1. Any residue at all in the stretch 149-172 that's under 30 Å from G269 (Cα atoms), open to solvent by 20 Å² or more (accessible area, probe 1.4 Å), touching a residue at least 60 places away in the same chain (Cβ under 8 Å) and part of a helix (DSSP H, G or I)?
2. Any residue in the stretch 216-232 that is open to solvent by less than 30 Å² (accessible area, probe 1.4 Å), free of Cβ contacts under 8 Å to residues at least 40 places away in the same chain and within 14 Å of the ligand (Cβ to nearest atom)?
3. Could you tell me which of the residues P262, P235, P243 is within 29 Å of R412 (Cα to Cα) and within 14 Å of the ligand (Cβ to nearest atom)?
4. Pick from the stretch 295-325 the residues that are out of contact with any helix residue (DSSP H, G or I) (no Cβ under 6 Å at 6 or more places or on another chain) and charged (D, E, K, R): which of them is nearest to the ligand (Cβ to nearest atom)?
5. Given (1) within 16 Å of the ligand (Cβ to nearest atom); (2) open to solvent by 10 Å² or more (accessible area, probe 1.4 Å); (3) farther than 30 Å from Y157 by Cβ; (4) not acidic (D, E), where does Q201 come up short, assuming only one miss?
6. Could you list, ordered by first residue, the pairs with Cβ atoms under 8 Å in which the first is in the stretch 126-138 and under 18 Å from S216 (Cβ atoms) and more than 15 Å from the ligand (Cβ to nearest atom) and the second is open to solvent by less than 50 Å² (accessible area, probe 1.4 Å) and modelled with pLDDT under 95, at least 6 apart or interchain?
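The values are calculated or read from the model by the stated rules, or taken from the named source; none is laboratory data. This is a predicted model, so every value here is computed, not measured. Reconstructed Cβ throughout: ideal geometry from the backbone, glycine too, with neighbour counts over all protein chains shown. Ligands, DNA and RNA are excluded from the accessible area calculation, which covers all protein heavy atoms including side chains. Shrake-Rupley method; radii C 1.70, N 1.55, O 1.52, S 1.80 Å.
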Amino acid sequence: MLKLDWKPDKHADLPVYLQIIQYIKEKIASGEWPVHTRLPTQRAMAEAWGVNRSTVVTALDELKAEGLIESVVGSGTVVSNNTWSVLASAAPPDWMSYVQTGDHPSNMQTIQDINKYESDPSMIRLGTGELSPDLLPLRETEEILGSLRGRLTHLGYSEPKGWLPLRKAVSGYLRTRGIEASPASILIVSGALQALQLISQGILRQGSGILLERPSYLYSLSVFQASRMRLLGIPMDDEGIRPESLARQKQLRDAALLYTIPSFHNPTGTLMPEDRRRQVMAICERERLPILEDDVYGELWLDEPGPLPLKALDQNGLVLYTGSLSKTLSPGLRIGWIVGPEPVIERLADVKMQTDYGASALSQLAAAEWLRGNRYEQHLKRVRASLKERRNLTCSALSRWFSGIAEWQEPRGGFYIWLRLEQARSMRTLFLRALSEGILLNPGYVYDQTDSQHMRLSYAYASEEDLEHALYRLSQLLRK
Ligand SMILES: Cc1ncc(COP(=O)(O)O)c(C=O)c1O
(Lines give C-alpha, C1' and ligand atoms only; values in the text may rest on other atoms or scores of the structure.)
Protein backbone atom coordinates (compact mmCIF):
# COMPACT_ATOMS: atom_id res chain seq x y z
CA MET A 1 0.00 0.00 0.00
CA LEU A 2 1.39 3.44 -0.92
CA LYS A 3 2.29 5.76 1.93
CA LEU A 4 0.67 9.17 1.76
CA ASP A 5 2.94 10.97 4.22
CA TRP A 6 2.34 14.44 2.79
CA LYS A 7 -0.33 17.12 3.12
CA PRO A 8 -1.22 20.00 0.79
CA ASP A 9 -0.69 23.50 2.13
CA LYS A 10 -4.13 25.12 2.25
CA HIS A 11 -2.62 28.59 2.70
CA ALA A 12 -0.35 28.42 -0.32
CA ASP A 13 -1.09 30.41 -3.47
CA LEU A 14 -1.29 27.27 -5.57
CA PRO A 15 -4.77 25.68 -5.44
CA VAL A 16 -4.90 22.40 -3.49
CA TYR A 17 -5.89 20.25 -6.49
CA LEU A 18 -2.83 21.53 -8.38
CA GLN A 19 -0.61 20.70 -5.39
CA ILE A 20 -2.03 17.16 -5.46
CA ILE A 21 -1.31 16.89 -9.19
CA GLN A 22 2.24 18.08 -8.61
CA TYR A 23 2.76 15.63 -5.75
CA ILE A 24 1.54 12.63 -7.76
CA LYS A 25 3.59 13.69 -10.82
CA GLU A 26 6.73 13.88 -8.71
CA LYS A 27 6.12 10.38 -7.33
CA ILE A 28 5.70 9.04 -10.88
CA ALA A 29 8.60 11.00 -12.36
CA SER A 30 11.02 9.90 -9.62
CA GLY A 31 10.13 6.28 -10.28
CA GLU A 32 8.80 5.77 -6.74
CA TRP A 33 5.41 4.98 -8.25
CA PRO A 34 6.27 3.00 -11.38
CA VAL A 35 3.83 2.03 -14.13
CA HIS A 36 1.08 -0.36 -12.87
CA THR A 37 1.31 1.04 -9.32
CA ARG A 38 -2.16 1.05 -7.80
CA LEU A 39 -3.17 4.36 -6.21
CA PRO A 40 -5.02 4.37 -2.88
CA THR A 41 -8.81 4.81 -3.02
CA GLN A 42 -10.17 8.33 -3.47
CA ARG A 43 -11.54 8.15 0.07
CA ALA A 44 -8.14 7.19 1.51
CA MET A 45 -6.44 10.05 -0.37
CA ALA A 46 -9.07 12.56 0.73
CA GLU A 47 -8.68 11.48 4.35
CA ALA A 48 -4.90 11.43 4.29
CA TRP A 49 -4.68 14.88 2.74
CA GLY A 50 -7.57 16.44 4.69
CA VAL A 51 -9.44 17.54 1.53
CA ASN A 52 -12.86 16.91 0.00
CA ARG A 53 -13.20 13.89 -2.18
CA SER A 54 -14.25 16.18 -5.07
CA THR A 55 -10.83 17.88 -4.89
CA VAL A 56 -9.15 14.49 -5.26
CA VAL A 57 -11.45 13.62 -8.16
CA THR A 58 -10.59 16.89 -9.95
CA ALA A 59 -6.85 16.21 -9.59
CA LEU A 60 -7.19 12.59 -10.75
CA ASP A 61 -9.30 13.63 -13.75
CA GLU A 62 -6.58 16.02 -14.82
CA LEU A 63 -3.90 13.33 -14.48
CA LYS A 64 -6.09 10.93 -16.47
CA ALA A 65 -6.50 13.52 -19.22
CA GLU A 66 -2.70 13.83 -19.38
CA GLY A 67 -2.47 10.07 -19.77
CA LEU A 68 -0.48 9.46 -16.57
CA ILE A 69 -3.06 7.36 -14.73
CA GLU A 70 -6.09 5.32 -15.72
CA SER A 71 -8.96 3.43 -14.12
CA VAL A 72 -8.70 -0.32 -14.52
CA VAL A 73 -11.71 -2.51 -13.81
CA GLY A 74 -11.04 -4.53 -10.68
CA SER A 75 -7.80 -2.68 -9.83
CA GLY A 76 -8.95 0.89 -9.19
CA THR A 77 -6.71 3.69 -10.44
CA VAL A 78 -3.21 2.76 -11.62
CA VAL A 79 -0.18 4.57 -13.00
CA SER A 80 -0.27 3.99 -16.74
CA ASN A 81 2.56 6.10 -18.08
CA ASN A 82 5.79 7.50 -16.74
CA THR A 83 7.13 8.79 -20.02
CA TRP A 84 9.40 11.67 -19.32
CA SER A 85 8.08 13.56 -22.26
CA VAL A 86 4.64 13.63 -20.63
CA LEU A 87 6.05 14.76 -17.31
CA ALA A 88 8.81 17.12 -18.28
CA SER A 89 8.41 20.41 -20.02
CA ALA A 90 11.91 20.28 -21.60
CA ALA A 91 12.68 17.51 -24.11
CA PRO A 92 14.55 14.64 -22.39
CA PRO A 93 17.92 13.40 -23.69
CA ASP A 94 17.72 10.61 -26.22
CA TRP A 95 18.49 7.82 -23.80
CA MET A 96 17.84 5.13 -26.42
CA SER A 97 20.80 6.32 -28.44
CA TYR A 98 22.97 6.02 -25.30
CA VAL A 99 21.59 2.52 -24.72
CA GLN A 100 22.45 1.52 -28.27
CA THR A 101 25.97 2.93 -28.28
CA GLY A 102 27.16 1.45 -24.96
CA ASP A 103 30.29 -0.61 -25.59
CA HIS A 104 29.42 -3.73 -23.59
CA PRO A 105 27.78 -6.45 -25.70
CA SER A 106 24.17 -7.33 -24.81
CA ASN A 107 23.15 -10.80 -23.73
CA MET A 108 21.73 -13.01 -26.43
CA GLN A 109 17.90 -12.58 -26.55
CA THR A 110 17.26 -16.09 -25.21
CA ILE A 111 19.50 -15.41 -22.21
CA GLN A 112 17.68 -12.16 -21.55
CA ASP A 113 14.42 -14.12 -21.71
CA ILE A 114 15.78 -16.76 -19.33
CA ASN A 115 16.96 -14.10 -16.88
CA LYS A 116 13.55 -12.46 -17.01
CA TYR A 117 11.43 -15.60 -16.61
CA GLU A 118 13.63 -17.03 -13.85
CA SER A 119 12.01 -14.59 -11.45
CA ASP A 120 8.51 -15.73 -12.42
CA PRO A 121 7.48 -18.21 -9.69
CA SER A 122 4.96 -19.91 -11.98
CA MET A 123 7.74 -21.13 -14.32
CA ILE A 124 9.30 -24.57 -13.94
CA ARG A 125 13.00 -23.96 -14.43
CA LEU A 126 14.24 -27.05 -16.20
CA GLY A 127 17.75 -25.84 -17.03
CA THR A 128 18.72 -23.53 -14.18
CA GLY A 129 22.32 -23.65 -12.93
CA GLU A 130 21.44 -23.11 -9.32
CA LEU A 131 20.65 -25.25 -6.30
CA SER A 132 17.00 -25.51 -5.36
CA PRO A 133 16.11 -23.03 -2.59
CA ASP A 134 15.50 -25.90 -0.16
CA LEU A 135 19.11 -27.04 -0.60
CA LEU A 136 20.53 -23.68 0.42
CA PRO A 137 21.48 -23.78 4.13
CA LEU A 138 19.39 -20.87 5.39
CA ARG A 139 19.09 -21.86 9.07
CA GLU A 140 22.78 -22.73 9.39
CA THR A 141 23.81 -19.47 7.79
CA GLU A 142 21.52 -17.66 10.22
CA GLU A 143 23.21 -19.52 13.07
CA ILE A 144 26.62 -18.53 11.75
CA LEU A 145 25.61 -14.89 11.49
CA GLY A 146 24.08 -15.07 15.01
CA SER A 147 27.28 -16.58 16.39
CA LEU A 148 29.18 -13.51 15.19
CA ARG A 149 27.45 -11.42 17.84
CA GLY A 150 30.20 -9.77 19.86
CA ARG A 151 32.89 -11.08 17.46
CA LEU A 152 32.36 -8.75 14.53
CA THR A 153 35.77 -7.22 14.03
CA HIS A 154 35.81 -5.82 10.57
CA LEU A 155 33.35 -3.90 8.47
CA GLY A 156 35.72 -1.76 6.42
CA TYR A 157 37.26 -2.38 3.01
CA SER A 158 39.40 -5.53 2.93
CA GLU A 159 42.98 -5.73 1.77
CA PRO A 160 43.34 -6.11 -2.02
CA LYS A 161 43.54 -9.92 -2.04
CA GLY A 162 40.60 -10.26 0.35
CA TRP A 163 40.16 -10.73 4.10
CA LEU A 164 43.16 -12.68 5.39
CA PRO A 165 41.23 -15.05 7.71
CA LEU A 166 39.08 -16.06 4.72
CA ARG A 167 42.13 -16.59 2.51
CA LYS A 168 43.60 -18.78 5.27
CA ALA A 169 40.34 -20.74 5.46
CA VAL A 170 40.29 -21.15 1.64
CA SER A 171 43.93 -22.25 1.72
CA GLY A 172 43.08 -24.94 4.32
CA TYR A 173 40.03 -26.03 2.34
CA LEU A 174 41.98 -26.25 -0.95
CA ARG A 175 44.42 -28.64 0.70
CA THR A 176 41.49 -31.09 0.91
CA ARG A 177 41.24 -30.78 -2.92
CA GLY A 178 44.94 -31.58 -3.28
CA ILE A 179 45.94 -27.98 -3.92
CA GLU A 180 48.76 -26.36 -1.96
CA ALA A 181 48.15 -22.62 -2.08
CA SER A 182 49.40 -20.12 0.47
CA PRO A 183 47.04 -17.25 1.39
CA ALA A 184 49.35 -14.94 -0.59
CA SER A 185 48.55 -16.81 -3.81
CA ILE A 186 44.77 -16.62 -3.30
CA LEU A 187 42.50 -13.76 -4.38
CA ILE A 188 38.96 -13.60 -3.01
CA VAL A 189 36.53 -12.63 -5.75
CA SER A 190 32.80 -11.92 -5.92
CA GLY A 191 32.07 -15.27 -7.58
CA ALA A 192 33.91 -17.21 -10.28
CA LEU A 193 32.33 -15.05 -12.96
CA GLN A 194 34.32 -12.13 -11.61
CA ALA A 195 37.44 -14.29 -11.77
CA LEU A 196 36.86 -14.61 -15.52
CA GLN A 197 36.28 -10.89 -15.86
CA LEU A 198 39.43 -9.93 -13.94
CA ILE A 199 41.53 -12.36 -15.93
CA SER A 200 40.21 -11.08 -19.24
CA GLN A 201 40.84 -7.46 -18.26
CA GLY A 202 43.96 -7.93 -16.17
CA ILE A 203 46.31 -10.30 -17.93
CA LEU A 204 45.14 -10.92 -21.50
CA ARG A 205 45.78 -8.78 -24.51
CA GLN A 206 42.80 -7.51 -26.55
CA GLY A 207 42.19 -9.76 -29.51
CA SER A 208 43.79 -12.84 -27.87
CA GLY A 209 42.55 -16.30 -28.80
CA ILE A 210 40.95 -18.33 -26.01
CA LEU A 211 40.76 -22.09 -26.46
CA LEU A 212 37.82 -23.75 -24.76
CA GLU A 213 35.53 -26.75 -24.89
CA ARG A 214 32.75 -26.56 -27.43
CA PRO A 215 30.06 -26.30 -26.11
CA SER A 216 30.90 -24.25 -23.04
CA TYR A 217 29.39 -22.05 -20.38
CA LEU A 218 31.79 -19.38 -21.60
CA TYR A 219 29.86 -19.04 -24.88
CA SER A 220 26.86 -17.87 -22.85
CA LEU A 221 28.78 -14.85 -21.58
CA SER A 222 30.53 -11.95 -23.19
CA VAL A 223 33.35 -11.54 -20.67
CA PHE A 224 36.05 -12.35 -23.18
CA GLN A 225 34.31 -11.07 -26.29
CA ALA A 226 33.83 -7.71 -24.53
CA SER A 227 37.63 -7.37 -24.78
CA ARG A 228 37.52 -8.41 -28.45
CA MET A 229 38.88 -11.87 -27.73
CA ARG A 230 38.19 -14.79 -30.03
CA LEU A 231 36.72 -17.96 -28.59
CA LEU A 232 38.27 -20.97 -30.32
CA GLY A 233 36.09 -23.99 -29.59
CA ILE A 234 37.56 -27.49 -29.42
CA PRO A 235 35.42 -30.58 -29.84
CA MET A 236 34.73 -32.81 -26.83
CA ASP A 237 34.11 -36.51 -26.39
CA ASP A 238 32.72 -38.22 -23.33
CA GLU A 239 36.01 -37.64 -21.47
CA GLY A 240 36.12 -33.89 -22.11
CA ILE A 241 38.26 -31.82 -24.43
CA ARG A 242 39.89 -33.86 -27.23
CA PRO A 243 43.68 -33.78 -26.78
CA GLU A 244 44.61 -34.25 -30.44
CA SER A 245 42.38 -31.32 -31.45
CA LEU A 246 43.83 -29.24 -28.65
CA ALA A 247 47.39 -29.85 -29.83
CA ARG A 248 46.44 -29.00 -33.42
CA GLN A 249 44.47 -25.86 -32.53
CA LYS A 250 47.21 -24.43 -30.37
CA GLN A 251 49.73 -24.64 -33.19
CA LEU A 252 47.31 -23.35 -35.77
CA ARG A 253 45.82 -20.46 -33.94
CA ASP A 254 48.35 -19.18 -31.48
CA ALA A 255 46.03 -18.96 -28.48
CA ALA A 256 46.77 -17.20 -25.18
CA LEU A 257 44.91 -19.48 -22.77
CA LEU A 258 42.91 -22.67 -22.44
CA TYR A 259 39.72 -22.25 -20.43
CA THR A 260 38.39 -25.59 -19.24
CA ILE A 261 35.78 -27.03 -16.86
CA PRO A 262 37.18 -30.54 -16.32
CA SER A 263 34.78 -31.58 -13.55
CA PHE A 264 31.07 -31.88 -14.32
CA HIS A 265 31.35 -29.55 -17.26
CA ASN A 266 28.70 -26.92 -17.92
CA PRO A 267 26.62 -27.72 -20.01
CA THR A 268 27.50 -31.35 -20.80
CA GLY A 269 28.09 -32.71 -17.28
CA THR A 270 31.26 -34.47 -18.54
CA LEU A 271 33.90 -35.53 -16.04
CA MET A 272 37.43 -35.60 -17.42
CA PRO A 273 39.21 -38.76 -16.14
CA GLU A 274 42.66 -38.56 -14.65
CA ASP A 275 44.62 -39.83 -17.65
CA ARG A 276 42.92 -37.28 -19.91
CA ARG A 277 43.83 -34.59 -17.37
CA ARG A 278 47.46 -35.64 -17.57
CA GLN A 279 47.37 -35.60 -21.37
CA VAL A 280 45.90 -32.10 -21.45
CA MET A 281 48.46 -30.89 -18.92
CA ALA A 282 51.31 -32.42 -20.95
CA ILE A 283 50.18 -30.69 -24.16
CA CYS A 284 49.81 -27.35 -22.41
CA GLU A 285 53.21 -27.71 -20.74
CA ARG A 286 54.82 -28.51 -24.06
CA GLU A 287 53.14 -25.56 -25.77
CA ARG A 288 53.61 -23.27 -22.74
CA LEU A 289 49.89 -22.61 -22.87
CA PRO A 290 48.44 -21.39 -19.56
CA ILE A 291 45.26 -23.06 -18.33
CA LEU A 292 42.33 -21.43 -16.58
CA GLU A 293 40.63 -24.24 -14.69
CA ASP A 294 37.04 -23.56 -13.62
CA ASP A 295 36.22 -25.93 -10.78
CA VAL A 296 32.91 -24.57 -9.51
CA TYR A 297 31.23 -28.01 -9.73
CA GLY A 298 34.20 -30.16 -8.63
CA GLU A 299 32.80 -30.97 -5.17
CA LEU A 300 29.48 -32.17 -6.51
CA TRP A 301 30.38 -35.79 -7.29
CA LEU A 302 27.47 -38.13 -6.76
CA ASP A 303 28.79 -41.69 -6.95
CA GLU A 304 32.46 -41.46 -6.02
CA PRO A 305 34.96 -38.64 -5.64
CA GLY A 306 36.24 -37.36 -8.99
CA PRO A 307 39.93 -37.06 -9.93
CA LEU A 308 41.95 -34.22 -8.44
CA PRO A 309 41.79 -30.83 -10.16
CA LEU A 310 44.41 -29.99 -12.81
CA LYS A 311 45.81 -27.48 -10.33
CA ALA A 312 46.71 -30.36 -8.01
CA LEU A 313 48.83 -31.87 -10.82
CA ASP A 314 50.46 -28.57 -11.66
CA GLN A 315 54.23 -28.64 -11.03
CA ASN A 316 55.15 -25.60 -13.11
CA GLY A 317 52.71 -22.82 -12.26
CA LEU A 318 50.78 -23.45 -15.47
CA VAL A 319 47.27 -23.37 -14.03
CA LEU A 320 45.13 -20.50 -12.82
CA TYR A 321 42.38 -22.06 -10.77
CA THR A 322 38.97 -20.68 -9.87
CA GLY A 323 36.35 -22.01 -7.49
CA SER A 324 33.33 -20.61 -5.73
CA LEU A 325 30.67 -21.24 -3.10
CA SER A 326 27.88 -20.52 -5.59
CA LYS A 327 27.07 -24.04 -6.77
CA THR A 328 27.46 -25.76 -3.43
CA LEU A 329 26.39 -23.33 -0.72
CA SER A 330 24.99 -19.98 -1.83
CA PRO A 331 25.19 -18.05 -5.08
CA GLY A 332 23.94 -15.00 -3.18
CA LEU A 333 27.01 -14.79 -0.95
CA ARG A 334 29.01 -13.97 -4.12
CA ILE A 335 32.22 -15.51 -2.83
CA GLY A 336 34.79 -17.28 -4.98
CA TRP A 337 38.57 -17.46 -5.31
CA ILE A 338 41.41 -17.48 -7.81
CA VAL A 339 44.64 -19.33 -7.15
CA GLY A 340 47.76 -18.64 -9.20
CA PRO A 341 51.32 -17.37 -9.24
CA GLU A 342 51.72 -14.41 -6.87
CA PRO A 343 52.51 -11.75 -9.50
CA VAL A 344 49.33 -12.71 -11.37
CA ILE A 345 47.27 -12.67 -8.16
CA GLU A 346 48.68 -9.26 -7.27
CA ARG A 347 47.84 -7.87 -10.68
CA LEU A 348 44.30 -9.27 -10.53
CA ALA A 349 43.88 -7.92 -6.98
CA ASP A 350 44.82 -4.48 -8.25
CA VAL A 351 42.25 -4.71 -11.05
CA LYS A 352 39.68 -5.91 -8.51
CA MET A 353 40.39 -2.91 -6.28
CA GLN A 354 39.69 -0.68 -9.26
CA THR A 355 36.50 -2.60 -9.98
CA ASP A 356 34.76 -2.82 -6.59
CA TYR A 357 37.23 -2.39 -3.66
CA GLY A 358 36.74 -6.01 -2.67
CA ALA A 359 34.00 -8.53 -1.90
CA SER A 360 31.37 -7.83 0.77
CA ALA A 361 32.84 -7.89 4.30
CA LEU A 362 29.80 -9.74 5.67
CA SER A 363 29.95 -12.38 2.97
CA GLN A 364 33.66 -12.89 3.59
CA LEU A 365 32.99 -13.36 7.30
CA ALA A 366 30.21 -15.85 6.71
CA ALA A 367 32.29 -17.74 4.12
CA ALA A 368 35.25 -18.01 6.51
CA GLU A 369 32.97 -19.48 9.19
CA TRP A 370 31.56 -21.96 6.70
CA LEU A 371 34.97 -23.13 5.55
CA ARG A 372 36.55 -23.57 8.98
CA GLY A 373 36.18 -26.96 10.67
CA ASN A 374 34.03 -29.56 8.92
CA ARG A 375 30.79 -27.63 8.59
CA TYR A 376 31.16 -27.22 4.81
CA GLU A 377 31.97 -30.89 4.31
CA GLN A 378 28.86 -31.90 6.29
CA HIS A 379 26.76 -29.61 4.15
CA LEU A 380 28.29 -31.00 0.95
CA LYS A 381 27.30 -34.51 2.03
CA ARG A 382 23.66 -33.44 2.27
CA VAL A 383 23.77 -31.65 -1.07
CA ARG A 384 25.36 -34.64 -2.80
CA ALA A 385 22.75 -37.02 -1.37
CA SER A 386 19.90 -34.84 -2.53
CA LEU A 387 21.40 -34.18 -5.97
CA LYS A 388 21.92 -37.90 -6.40
CA GLU A 389 18.23 -38.59 -5.76
CA ARG A 390 17.29 -35.85 -8.17
CA ARG A 391 19.65 -37.16 -10.82
CA ASN A 392 18.25 -40.68 -10.46
CA LEU A 393 14.68 -39.47 -10.65
CA THR A 394 15.45 -37.35 -13.72
CA CYS A 395 17.24 -40.16 -15.50
CA SER A 396 14.37 -42.56 -14.89
CA ALA A 397 11.87 -39.95 -16.10
CA LEU A 398 14.01 -39.55 -19.24
CA SER A 399 14.06 -43.32 -19.79
CA ARG A 400 10.28 -43.41 -19.43
CA TRP A 401 9.43 -40.57 -21.78
CA PHE A 402 12.37 -39.70 -24.02
CA SER A 403 13.51 -43.01 -25.46
CA GLY A 404 13.38 -42.83 -29.23
CA ILE A 405 13.38 -39.03 -29.29
CA ALA A 406 16.58 -38.14 -27.43
CA GLU A 407 19.86 -39.47 -26.05
CA TRP A 408 21.70 -38.61 -22.87
CA GLN A 409 24.45 -39.79 -20.54
CA GLU A 410 23.87 -40.23 -16.85
CA PRO A 411 26.11 -37.59 -15.24
CA ARG A 412 28.36 -38.57 -12.37
CA GLY A 413 28.11 -35.21 -10.70
CA GLY A 414 27.25 -31.54 -11.04
CA PHE A 415 23.83 -30.31 -12.15
CA TYR A 416 23.45 -31.02 -15.83
CA ILE A 417 22.30 -33.48 -18.47
CA TRP A 418 23.09 -32.56 -22.06
CA LEU A 419 20.03 -33.88 -23.84
CA ARG A 420 20.62 -34.64 -27.51
CA LEU A 421 17.48 -34.68 -29.63
CA GLU A 422 17.33 -37.31 -32.37
CA GLN A 423 16.28 -34.63 -34.85
CA ALA A 424 17.65 -31.14 -35.25
CA ARG A 425 14.96 -28.46 -35.03
CA SER A 426 14.40 -24.80 -34.31
CA MET A 427 15.36 -24.68 -30.66
CA ARG A 428 14.14 -21.10 -30.34
CA THR A 429 10.65 -22.22 -31.38
CA LEU A 430 10.81 -25.08 -28.90
CA PHE A 431 11.98 -22.66 -26.20
CA LEU A 432 8.98 -20.38 -26.87
CA ARG A 433 6.50 -23.27 -27.01
CA ALA A 434 7.78 -24.63 -23.70
CA LEU A 435 7.61 -21.13 -22.24
CA SER A 436 3.94 -20.90 -23.15
CA GLU A 437 3.43 -24.08 -21.13
CA GLY A 438 5.23 -22.62 -18.11
CA ILE A 439 8.52 -24.48 -18.72
CA LEU A 440 11.78 -22.57 -18.95
CA LEU A 441 14.45 -24.31 -21.03
CA ASN A 442 18.15 -23.66 -21.67
CA PRO A 443 18.59 -24.41 -25.38
CA GLY A 444 21.94 -25.74 -26.56
CA TYR A 445 22.66 -22.74 -28.81
CA VAL A 446 23.27 -20.67 -25.69
CA TYR A 447 26.45 -22.76 -25.20
CA ASP A 448 27.32 -23.28 -28.87
CA GLN A 449 25.73 -20.90 -31.33
CA THR A 450 25.63 -23.47 -34.11
CA ASP A 451 23.75 -26.06 -32.08
CA SER A 452 20.20 -27.05 -33.00
CA GLN A 453 19.96 -30.43 -31.34
CA HIS A 454 20.65 -30.09 -27.61
CA MET A 455 19.31 -28.61 -24.45
CA ARG A 456 20.82 -28.34 -21.01
CA LEU A 457 18.67 -29.98 -18.36
CA SER A 458 19.38 -29.34 -14.71
CA TYR A 459 18.12 -31.63 -11.97
CA ALA A 460 19.35 -29.21 -9.28
CA TYR A 461 16.65 -26.55 -9.17
CA ALA A 462 13.02 -27.56 -9.81
CA SER A 463 11.17 -29.61 -7.18
CA GLU A 464 11.08 -33.33 -7.88
CA GLU A 465 7.39 -33.13 -8.70
CA ASP A 466 7.92 -30.23 -11.10
CA LEU A 467 10.86 -32.00 -12.73
CA GLU A 468 8.74 -35.04 -13.53
CA HIS A 469 5.80 -32.98 -14.73
CA ALA A 470 7.90 -30.68 -16.93
CA LEU A 471 9.86 -33.55 -18.45
CA TYR A 472 6.64 -35.33 -19.35
CA ARG A 473 5.20 -32.17 -20.95
CA LEU A 474 8.45 -31.57 -22.82
CA SER A 475 8.43 -35.11 -24.21
CA GLN A 476 4.86 -34.51 -25.44
CA LEU A 477 5.93 -31.28 -27.13
CA LEU A 478 8.81 -33.05 -28.84
CA ARG A 479 6.61 -35.87 -30.09
CA LYS A 480 4.07 -33.48 -31.66
C1 LIG B 1 31.30 -23.17 -15.12
C2 LIG B 1 30.86 -21.97 -14.34
N3 LIG B 1 31.77 -21.07 -13.95
C4 LIG B 1 31.43 -19.96 -13.25
C5 LIG B 1 30.11 -19.72 -12.94
C6 LIG B 1 29.79 -18.46 -12.19
O7 LIG B 1 29.71 -18.72 -10.84
P8 LIG B 1 29.69 -17.62 -9.70
O9 LIG B 1 28.28 -17.57 -9.21
O10 LIG B 1 30.65 -18.13 -8.68
O11 LIG B 1 30.12 -16.33 -10.28
C12 LIG B 1 29.12 -20.61 -13.34
C13 LIG B 1 27.70 -20.33 -13.06
O14 LIG B 1 26.80 -20.80 -13.74
C15 LIG B 1 29.51 -21.77 -14.05
O16 LIG B 1 28.62 -22.68 -14.47
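1. Yes, the stretch 149-172 contains at least one residue that is under 30 Å from G269 (Cα atoms), open to solvent by 20 Å² or more (accessible area, probe 1.4 Å), touching a residue at least 60 places away in the same chain (Cβ under 8 Å) and part of a helix (DSSP H, G or I).
2. yes
3. Being within 29 Å of R412 (Cα to Cα) and within 14 Å of the ligand (Cβ to nearest atom) holds for just one of P262, P235, P243, which is P262.
4. Among those that are out of contact with any helix residue (DSSP H, G or I) (no Cβ under 6 Å at 6 or more places or on another chain) and charged (D, E, K, R), it is D295.
5. (3)
6. Listed pairs, sorted by first residue: none to list.
Yes or no, residue by residue, for (1) touching a helix residue (DSSP H, G or I) at 6+ places or on another chain (Cβ under 9 Å); (2) on the phi < 0 side of the Ramachandran plot:
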residue	(1), (2)
G414	yes, no
T429	no, yes
S436	no, yes
N442	yes, yes
A462	yes, yes
L467	yes, yes
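Yes/no per residue for (1) under 28 Å from P235 (Cβ atoms); (2) modelled with pLDDT under 95:
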| site | (1), (2) |
| --- | --- |
| A406 | yes, no |
| R412 | yes, no |
| Y416 | yes, no |
| R433 | no, no |
| D451 | yes, no |
| H454 | yes, no |
| E464 | no, no |
| H469 | no, no |
| R479 | no, yes |
